[in-house]
Amino acid sequence: MVLAVLVTGLAFATPREIAFSRLLPAAPALAAAMWPVIPTILLGVFCLLVMIGLSLVYADLGTPFTAAAIVVVTLVASYTSRVRMQREEMLFQVRLVADAAQQVLLRPLPRRIQDVEIESLYLAAQEQARIGGDFYEVADTQYGVRLLIGDVRGKGLSAVGAASAVINCFRENAYDQPDLSSIIHRLETSIGRYSVGLLDPDEPEHFATALIAEIPHAGGQVRILNCGHPPPLLVQDGKIHVLEPVKPSPPLNLAALLGDDYTVETVDFTPGDQLLLYTDGVTETRDRTGTFFPLPDWLQELGPAAPRELLDRLHQDLVHYSGGRLEDDIAAVAVRSAQPTIACPPRCAPGGRGRP
């Protein structure tokens, strides 16, 4: 519309030898890229009326040719606008389906389970994707709060299938298996069956790193089983501890090659302590010089922060550090042991006797 008004003003204000009026067909052509069909046609009609008005002032502008061009361009632009809107509607429906599928696979984590605060962060490397090969999940079981985080070989949508197999297996077995080693055995079986079922001679077999943490409801400690995954960071009394496994366990679907000897380690986890679980996309984020993101040093400089604030800052700093371009999927889960909730005694309840 601005272009049409500008051309109209120039056509009336400049000598007819310049013939700015010949630019009028460009207005409906541009409108087709943004406007619906009816506004595009109305703009074409406006341009046609402007051309007719100019012909009343200047008789030698070649009005028939320009008017015919406006009519043809308007008709083509209206058809183009209709096709564009149909494709936009189709794309919108496809995105709704994709969002629903991704929401089911990587559903939001509860922000608190009893005395454990939980926050999560996910950044997919592939554009328009909400998930990729990284995954996480949490389950409130009779054994305590169990958390899973992992990373399937590869990135983007090609790794979603293997990630879904691991997540769904964890959701089924986290509530029933008595220990972490039993859960890992089931995850190992699940991803192995998935890889065999979809094995392509041109594609390497799937495997994944994974870490399971279990925080008993009584609190005081956390049990960790690390299967080739980046070590979590423990913030305790203002100090950062990198929880490297004493004896590494094999990644999922590699037990046949490396053995299935899984080691569970126990670490103190008292109220106020915070645990950061993450995938290698965090520590392998590079700046322009190729230097990896210094996660432990960054966490030390950040200082005390609630789980949500910690992940928000991590998101901002990772994007800034990489120059706005992430090369790998990124997942992180921050867990903090909160003060136990103390139930109010009967005399403190409304209507009860005695003073609180």
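The values are calculated or read from the model by the stated rules, or taken from the named source; none is laboratory data. Predicted, not measured: the structure shown is a model, and the values here were computed from it. No Cβ is skipped: glycine too gets one built from the backbone with ideal geometry, and neighbour counts run over all protein chains shown.
So for segment 41-61 (the condition being touching a Phe, Trp or Tyr at 6+ places or on another chain (Cβ under 8 Å), within 12 Å of LEU3 (Cα to Cα) and in the same structural domain as GLU89 (by TED's automatic domain parsing)), does at least one residue qualify? Reasoning before the result, please.
Here is the first cut: in segment 41-61, the residues touching a Phe, Trp or Tyr at 6+ places or on another chain (Cβ under 8 Å) are 43, 54, 57.
Then drop every residue that is not within 12 Å of LEU3 (Cα to Cα), which leaves 43.
From what is left, the residues that are in the same structural domain as GLU89 (by TED's automatic domain parsing) are 43.
Looking for residues that are touching a Phe, Trp or Tyr at 6+ places or on another chain (Cβ under 8 Å), within 12 Å of LEU3 (Cα to Cα) and in the same structural domain as GLU89 (by TED's automatic domain parsing), one finds at least one in segment 41-61, hence yes.
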**Message:** So, in segment 1-37, exactly how many residues are part of a helix (DSSP H, G or I) and not small (Gly, Ala, Ser)?
**Reply:** 14
**Message:** Pairs please, first residue from segment 75-97 and without any contact (Cβ under 8 Å) to a residue 60 or more places away in the chain, second anywhere and outside any helix (DSSP H, G or I), Cβ atoms under 6 Å, 6+ apart in sequence or on different chains.
**Reply:** ALA77/ALA32; THR80/ALA32; SER81/ALA32
**Request:** Give the residue that is modelled with the highest pLDDT, with candidates limited to residues of segment 221-272 that are farther than 21 Å from THR283 by Cβ and among the basic types (Lys, Arg).
**Result:** ARG223
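What do you reckon, is PHE20 crowded, with 16+ Cβ neighbours inside 10 Å and aromatic (Phe, Trp, Tyr)? Don't jump to the end; show me each part of the working.
On the way: crowded, with 16+ Cβ neighbours inside 10 Å: yes; aromatic (Phe, Trp, Tyr): yes.
When the stated conditions are applied, PHE20 passes them.
Could we say that ILE184 is out of contact with any Gly (no Cβ under 9 Å at 6 or more places or on another chain) and within 19 Å of ASP260 (Cβ to Cβ) here? Before the answer, list the steps.
Numbers: out of contact with any Gly (no Cβ under 9 Å at 6 or more places or on another chain): yes; within 19 Å of ASP260 (Cβ to Cβ): yes.
Yes, satisfied.
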**Complete:** Screening GLU265, GLU284, GLU309 for residues that are more than 26 Å from the chain's Cα centre (by Cα) and charged (D, E, K, R) leaves only GLU265
**Request:** Within segment 279-323, work out how many residues are of a type in the set (Val, Ile, Thr) and not in a helix (DSSP H, G or I).
**Result:** 4
**Message:** Within segment 325-343, does at least one residue satisfy the condition of being among the charged types (D, E, K, R) and modelled with pLDDT under 55?
**Reply:** no
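Yes/no matrix, rows are residues, columns are (1) loosely packed, with under 14 Cβ neighbours inside 10 Å; (2) touching a residue at least 60 places away in the same chain (Cβ under 8 Å); (3) not hydrophobic (A, V, I, L, M, F, W, C):
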position: ILE183; (1), (2), (3): no, no, no
position: VAL196; (1), (2), (3): yes, no, no
position: HIS206; (1), (2), (3): no, no, yes
position: HIS217; (1), (2), (3): no, yes, yes
position: GLY238; (1), (2), (3): yes, yes, yes
position: GLU244; (1), (2), (3): yes, no, yes
position: ASP261; (1), (2), (3): yes, no, yes
position: TYR278; (1), (2), (3): no, yes, yes
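Say we look at segment 259-278 and pick out the residues that are outside any loop (DSSP other than H, G, I, E, B) and polar (S, T, N, Q); which of these is nearest to LEU109 (Cα to Cα)?
Within segment 259-278, the first condition is being outside any loop (DSSP other than H, G, I, E, B), and the residues that meet it are 264-269, 274-278.
Restricting the remaining residues to those that are polar (S, T, N, Q) gives 266, 274.
Details: THR266: 24, GLN274: 17 Å.
Selected residue: GLN274.
Matching residues to (1) under 30 Å from ARG153 (Cβ atoms); (2) at pLDDT 90 or above; (3) touching a Gly at 6+ places or on another chain (Cβ under 9 Å):
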| position | (1), (2), (3) |
| --- | --- |
| LEU49 | no, no, no |
| TYR58 | no, no, no |
| PHE65 | no, no, no |
| ALA68 | no, no, no |
| PHE92 | no, no, no |
| LEU105 | yes, no, no |
| ILE131 | yes, no, no |
| ASP134 | yes, no, yes |
